[in-house]
Each structure stands twice: as C-alpha cells, then as structure tokens.
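Since every read-out is calculated from the coordinates, none of them should be taken as a lab result. Since the model is a prediction, treat every value here as computed from it, not as a measurement. A quick note on method: Cβ atoms are made from the backbone with ideal geometry, for glycine too, and the neighbour counts reach across all protein chains shown.
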Amino acid sequence: MRDTARHAAPYADRMPPSTVADVLSALQPEPGRPRLTWYGPDGERVELSGTVLDNWVTKTANLLVEELDAGPGTRVSLDLPPHWRTLVWALATWRVGACVELLGAGGSGADVVVTHRPGSTAGGPPVVAVPLAALARRFDGDLPAGALDAAAAVMTYGDALGWTPPRDGAAPAVAATAGVVDHDGLLGWAAGSSGAPLGARTLLRLPTSGHDTAGFLRAALDVLAGEGSVVVVTAGADGSDDARVDRIVETERVTALSGTTG
C-alpha cells in the first residue's frame, strides 16, 4: 500500500504522483534546481537539474522503444552498480512501462541486458553497454557483436518523448530477489525507504563493499517522488570517507541523511 499520507502535503492543489511520469513532471516547476548529484570514487561529480534529468530519461526512453521495442512486459536487466546512469536507465525503463530486472546480467527472462561488463553476456539477449566513467561519451572497451554503446547512442535520440506503449499498471515494474512489484505498486515500493522528509536534499551514502542496486533505486525514487533532491556518494577506493562525506554534506547543503544504502 502506498504511503499516501507522506506524499499528501506538497500536493494540496493537485493529485500526488502515481507514476514515474508524474514524478518527473513534478520536478519541472523548478527546472534549474539540482535533483541528482553524484560523487564517484575518484572524486568525479555529476549534477543533473530536473530539466536535464528529464532530458536524459526521455532520450533513453526513446532508445528503449525505438531500438529495443521495450514496453509493458519487457524485462530490462540492469547489471549495473548504484550510479547516476543506473538511475537514468531505471527511470527510462519505468517511463515506457517496462520492468527493471535486478537479478544480474542475462537474468532469467531478461529481454535486454544493460551492463557495464558486456563481455560477460555473449549469446544472450540484446546488450547495451554502459560506461561508468562520469561523463564518458563512448564505451571504453571491446563490445560484443551487435551490442549498443549507450554513451554514444543515447544522445542521438530525441529530446521530446516519442510514442510509448499504453500504460499497464498490472505489468511488472521491478523484478528482484525480494519479489516482483507492478507499476501500480512502484511508488509504494519506494515510499518511505529513504527515511527523508518531503522536499529534502538527501544524501545517499553507498557502502564500501558490494552494492545494493535495488535499495539505491528505491531510496532515490522515494526522494524524487517527494519533490526532493538526491546526493549520491560512492565510497572512495581507500574507504576512508568520513571527512569527505562531511565536506560534501556542507558543500551540497544536504538536509537529510538516508541510512538505506550504506
């Protein structure tokens, strides 16, 4: 059941969001406000405003539909660690009504594999190679025959959302080890997971070992659904991040800390 009480206050003059399209639309009245800020392990920083985030999602959604025929029932395996590009691909997958599968590259039933390690997916479904370098314009590595280079391809797609299949609320939106969530339950799946108040600029600190992509996506979607802003901090190579995180909290004017992902 969706946490409607938590999401009611900012929407006194309109309905609370019920879809990812609603979430992205609600971020547009303040188009220049940072909505996603990502710090990589080597000190990289990427910041996307609401408008820029929506543009990335739109281009990626157009690629999913036009190149890969994605729609309700399509399982898009996200074989990616928590990363700003991972969130973009998840939002785009949900935007076209498809399912984010978090069971590993080429997981059971995957129709498309979106991965940073395309060499491990030979002989499976169509592959989209995603670089993890902060602002890479192409995938730096060997690509299997037929694989798409996401960094190069996404930017060639339109800035306006093209045709998308009709929405099916009963279609799966998330398939993870904990189970399957449909599109009607997607925002309920995320609600409250970040522990952040509505509208907060929320820090998500990622762990030094392993990764919980499902937890990261839940928390980030929860923050955005509350018209907030998410600051994602990836652990540095040496793991000694406390001073760095303290500086980021001050510099980014963080107002809430999420204990969900680290």
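For segment 108-262, the gyration tensor built on C-alpha atoms gives an oblate shape. Its axis ratio a/c (a ≥ b ≥ c) is at least 1.5, and a/b is not larger than b/c.
Across all Cα pairs in the chain, the calculated P(r) in 5 Å bins from zero up to the longest distance comes to 1, 6, 14, 18, 21, 18, 13, 6, 2, 0, 0 percent per bin.
Taking other residues whose beta carbon is less than 13 angstrom from the beta carbon of Leu224, and scoring Lys, Arg as +1 and Asp, Glu as -1, yields 0.
Distance from the alpha carbon centroid of segment 161-209 to that of segment 47-96 works out to 13 angstrom. Note that segment 39-114 carries a Kirkwood radius of 12.9 Å, evaluated over its alpha carbons pair by pair. Full extension of the chain segment joining Ala243 with Thr51 gains 66.0 nm, where the gain is 0.36 nm per residue of separation less the Cα-Cα distance. Screening the chain for whole DSSP H helices of 15 Å or more along their axis (Cα) with average Kyte-Doolittle hydropathy at least 0.0 returns 50-68, 84-95, 213-225. Tell me, what is the percent relative contact order of segment 23-258, built from C-alpha pairs under 8 Å that lie six or more residues apart? It rounds to 21 percent for segment 23-258.
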